[in-house]
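Written out below as structure tokens is the structure these notes cover.
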Amino acid sequence: MTTTEHTTPSPSAVDSGASASASFRAGSASGFGSAGSSTARVDTLARAVLAAVHGVIREHKVTYPEFQAAKKWLMDLGDGGEWPLFLDVFVEHAVEEVAAETQAGTTGTILGPYYLPDQVRLPAVAALPARPDEPGSSWLFQGQVRDLDGNPLAGAELDVWQNSADGFYSGFAPHLPEGNLRGVVVTDEQGRFAISTILPAPYQVPTDGPTGELIEAAGWHPWRPAHLHLLVRADGHRTITTQLYFTGAQYIDDDVARATKPELILDPQQLADGSFRSEYDFVLEPV
Ligand code: DHB
Ligand code: FE
């Protein structure tokens, strides 16, 4: 699958970076609000971050030209609106790891910068909104949402989003219609759902902005394995933020965002007509 053949206008770091920043500022990225940390907590964390930076400088004998280059790069990162992209690729996985220590139910992973709230609500058996000629392999994704005791959760919501076959997310790339491959699927009386969509594609961190500049300068690769994003929620239960991946997929063992987990890897079955099918059940813990 190629992700380099862009249609016109070509989506760019400017599009995805700036829209990801605007989306985050609008509170739509997560709706977290202020962290509410005490003065003592801010003091502890700010000191620790600075001490870690000082440690790197001392250990690696960072020079003045390197310090000034880093300063310029950080300014460019902000000017390009790429802080959400950068932090979600390189930092969020550690925050999620800490959060996971106190969570039960289905394994979570990072949210990433491309969630958009208020997407179309769909019944339990539904097709995600797509273009009439949406490229990609057809994929039926089905399963059940249950609580920790195994009781089905009727009316649970699977808020799903994914990229299109060319690797871009709707709402963050001008060539895709709003809401493409996004939707909120509501489970039936048995907590079941069946979503018709296409297989997602590998995702490339935009290479034409400051994040891409760093990745190239460091000799890293800019890819995430193909994934489906989900927020799974039900009244009285903690919302799970997660992603599902595909066994044997490119970059599955070398995700630039370090956000894959073995429990989240699907092994889709290919049917005679060439389409794919997967089952996955979600378990939510009470709040
Ligand atoms: C980024 C993009 C993603 O699609 C994702 O799932 C996580 C992070 C990013 O570019 O920051
Ligand atoms: Fe993603």
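The values are calculated or read from the model by the stated rules, or taken from the named source; none is laboratory data. Please read all numbers here as calculations on a predicted model, not as lab measurements. Glycine also receives a Cβ, built like all others from the backbone with ideal geometry; neighbour counts cover every protein chain displayed. For accessibility, only protein heavy atoms count, side chains too; no ligands or nucleic acids. Shrake-Rupley method; radii C 1.70, N 1.55, O 1.52, S 1.80 Å.
May I ask which residue of 173, 185, 138 lies farthest towards the positive end of the charge dipole of region 132-190, with charges of +1 (Lys, Arg) and -1 (Asp, Glu) on Cβ and the Cα centre as origin?
So the residue furthest toward the plus end is 173.
What residues qualify as long-range amide H neighbours of residue 283, i.e. H under 5 Å apart, gap of 5 or more or another chain, H built at 1.01 Å from N?
106, 146
How large is the helix-only mean residue ellipticity at 222 nm for the chain, computed as the sum of -39500 (n - 2.57) over DSSP H runs with n ≥ 4, divided by its residue count, in deg cm²/dmol to the nearest 500? Please list the in-between numbers first.
Numbers: 6 runs with 76 residues, N = 287.
Roughly -8500 deg cm²/dmol at 222 nm, from the helical runs in the chain.
Compute the length gained on full extension between residue 142 and residue 100: take 0.36 nm times their separation in residues and subtract their Cα-Cα distance, giving the result in nm to one decimal. Each step should come with its number before you reach the end.
Numbers: separation 42, 0.36 × 42 = 15.12 nm, distance 2.47 nm.
Gain on stretching residue 142 to residue 100: 12.7 nm.
For region 96-188, report the % of Cα-Cα distances exceeding 22 Å. Write out the running numbers ahead of the final one.
Details: 1710 of 4278 pairs.
So the pairs more than 22 Å apart make up 40 percent of the total in region 96-188.
At 1.4 Å probe radius, can you tell me the per residue accessible area of the chain in Å²?
52 Å²
Going by the alpha-carbon gyration tensor, a ≥ b ≥ c the square roots of its eigenvalues, is region 143-287 rounded (a/c under 1.5) or, if a/c is not under 1.5, prolate (a/b greater than b/c) versus oblate?
Cα axes put region 143-287 in the prolate bin.
Quantify, in whole percent, the carbon and sulfur part of the accessible surface of the chain (1.4 Å probe; protein heavy atoms only).
Working: 8430 of 14990 Å².
Here carbon and sulfur together make up 56 percent of the probe-accessible area.
Considering only the chain, what is the antiparallel percent among its DSSP beta bridges, to the nearest 5?
Roughly 65 percent of the beta bridges in the chain run antiparallel, per DSSP.
At a Förster distance of 45 Å, what's the computed FRET efficiency of residue 175 paired with residue 151, Cβ-Cβ distance as r, to 0.05?
Values: r = 44 Å, r/R0 = 0.97.
So, using R0 = 45 Å, E works out to roughly 0.55.
Below 8 Å, C-alpha to C-alpha, sequence gap of six or more: please give me the relative contact order for region 134-186 in percent. Mind showing how you got there, number by number?
Working: 51 pairs, mean separation 17.7, N = 53.
33 percent.
Got the relative contact order for region 208-287 handy, in percent, Cα pairs under 8 Å and 6 or more residues apart? Working shown, then result.
Values: 96 pairs, mean separation 21.8, N = 80.
Here the relative contact order equals 27 percent.
If you take every residue apart from residue 67 with its C-beta less than 13 Å away from the C-beta of residue 67, what net charge results, scoring Lys and Arg +1 and Asp and Glu -1? Don't skip to the answer; put the middle values down first.
Values: positive: 58, 61, 71, 72; negative: 66.
With Lys, Arg at +1 and Asp, Glu at -1, the net is +3.
Residue 83 accessible area, nearest 10 Å², 1.4 Å probe?
100 Å²
Between region 144-205 and region 213-259, what is the separation of their alpha carbon centroids in Å?
Here the answer is 14 Å between Cα centres.
At a probe radius of 1.4 Å, what is the per-residue accessible area of residue 59, in Å² to the nearest 10?
Rounded to the nearest 10, that gives 140 Å².
Which order do 39, 260 take by accessible area at a 1.4 Å probe, largest first? Intermediate results must be reported in sequence, preceding the final value.
Numbers: 39 120, 260 40 Å².
Largest accessible area first, the list is 39, 260.
Between residue 45 and residue 217, 0.36 nm times their residue separation minus their Cα-Cα distance comes to what?
Working: separation 172, 0.36 × 172 = 61.92 nm, distance 2.91 nm.
Result for the pair: 59.0 nm of gain on full extension.
What does the extension gain come out to for residue 75 and residue 186, with contour length at 0.36 nm per residue minus their alpha carbon separation?
Numbers: separation 111, 0.36 × 111 = 39.96 nm, distance 4.28 nm.
Net length gain for the segment: 35.7 nm.
Enter the accessible area of residue 221 (Å², nearest 10), with the probe set to 1.4 Å and all protein chains included.
Counting only protein heavy atoms, the figure is 50 Å².
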